[in-house]
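First the structure, in the form of structure tokens, and then the observations on it.
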Amino acid sequence: MQQMIGKQSLTFENPPSILSAASVVGQKEGEGPLRDYFDLIIEDPTVGKDSWEEGESELVHQACVKAIEKSGLKKEDIRYIFAGDLLGQLIASTFGLKDMDLPLFGLYGACSTAGEGLSLGAMTVAAGYAEQVLTVASSHFGSAEKQFRFPLEYGNQRPLSATWTVTGSGAFVLSQKRGDIIIKGITTGVITDYGIRDSMNMGAAMAPAAASVIYQNLQDFQIQPDYYDRIITGDLGKVGKGILIKLLNDNGYDIMDQHMDCGIEIYDNTKQDTHSGGSGCACSAVTLAGFVMDKLRTREWNRILFVPTGALLSTVSFNEGQTVPGIAHGVIIENRGV
């Protein structure tokens, strides 16, 4: 069976199962509308450690331990870990996982990292290079603000286009074992740059990348948006959602009825004042691990296209006046046999 589809997609003849998923979040996320879907809510923002960064590493560790526990496997059954976060040199992932003594691939796709990890993990399992892999992504409001914007003590004002970085970590065990929920295929995104230079408007920077990969997925598989119960972007927020819908409408696809954005769903903006919504690697990861997986398990939804989105900037590129390119990755997740 030909597994390469169209320009940017793959379909798996032996699709890997998502054997388990775990989500660990902070207090603000636990106060939001998805609170009942998270495995663990931790109210201490440093998770008992001495810094935001160490706290994020602990979130990574706890999510991975929980995912392995829920899978019914032992740590030794995991062949590889695919992990990533927003911090320089991936320190949240590396320090959180250094004691697990498992082979590690460190990933950086900004806020699209959950999709990158699931894509590479699924390819590895489907190709027979591992029976089980673990994928994990994380972010933390305190550590992200400190690195990319201003220390929290500065108390700077945030424009309405800004998003709130989700504090949390989402982990997934992918397996050759037969499970009810599978990764059927992927569409890998390309870097898309529309010349956005505003680091406080990540939705505008990432929306073109999301539109590009969704368009290519529909083209590659020769399907319409209603093939999916939901097309789920990672963290475009309210601003980015509007841009995404328009870009796809301009190219002949109306996804309004199917579209959902994790950044909009994770917070109650009428009570939590998160402006455009949520963002960060954890935004899509914990929403998928909790809320979305529950909808699939109960078969309220049978097939989704998961499209986490990332803004590829750094403090260096931004301070040198560079634009903010975006990237997104599409992962087809469905109930077996649909």
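One table, with the values for the structure above:
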read-out	value
Residues that are in contact with a Ser or Thr (Cβ under 8 Å, 6 or more places away or on another chain) and either modelled with pLDDT under 95 or not in a helix (DSSP H, G or I) (or both), drawn from region 215-248	Ile232, Thr233, Gly234, Asp235, Leu236, Gly237, Lys238, Val239, Gly240, Lys241
In region 80-98, residue surrounded by the fewest Cβ atoms within 10 Å (Cβ to Cβ) [restricted to those that are touching a helix residue (DSSP H, G or I) at 6+ places or on another chain (Cβ under 8 Å) and assigned to a loop (DSSP other than H, G, I, E, B)]	Leu87
Search result, residues across region 113-141 that are part of a helix (DSSP H, G or I), of a type in the set (S, T, N, Q) and within 18 Å of Pro15 (Cβ to Cβ)	Ser119, Thr124
Whichever residue in region 222-257 is surrounded by 13 or more Cβ atoms within 10 Å (Cβ to Cβ) and acidic (Asp, Glu) and, among such residues, is farthest from Gly280 (Cα to Cα)	Asp254
Region 292-325 - residue that is of a type in the set (Lys, Arg) and either over 23 Å from Leu10 (Cβ atoms) or modelled with pLDDT under 95 (or both) and, of those, surrounded by the fewest Cβ atoms within 10 Å (Cβ to Cβ)	Arg299
Looking only at region 326-338, and only at residues there that are surrounded by fewer than 22 Cβ atoms within 10 Å (Cβ to Cβ) and of a type outside the set (A, V, I, L, M), the one that is nearest to the chain's Cα centre (by Cα)	Glu334
Which numbered condition Met206 misses (of (1) surrounded by 23 or more Cβ atoms within 10 Å (Cβ to Cβ); (2) in a loop (DSSP other than H, G, I, E, B))	(2)
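The values are calculated or read from the model by the stated rules, or taken from the named source; none is laboratory data. Predicted model only: the values in this text are computed from it and were never measured. No Cβ is skipped: glycine too gets one built from the backbone with ideal geometry, and neighbour counts run over all protein chains shown.
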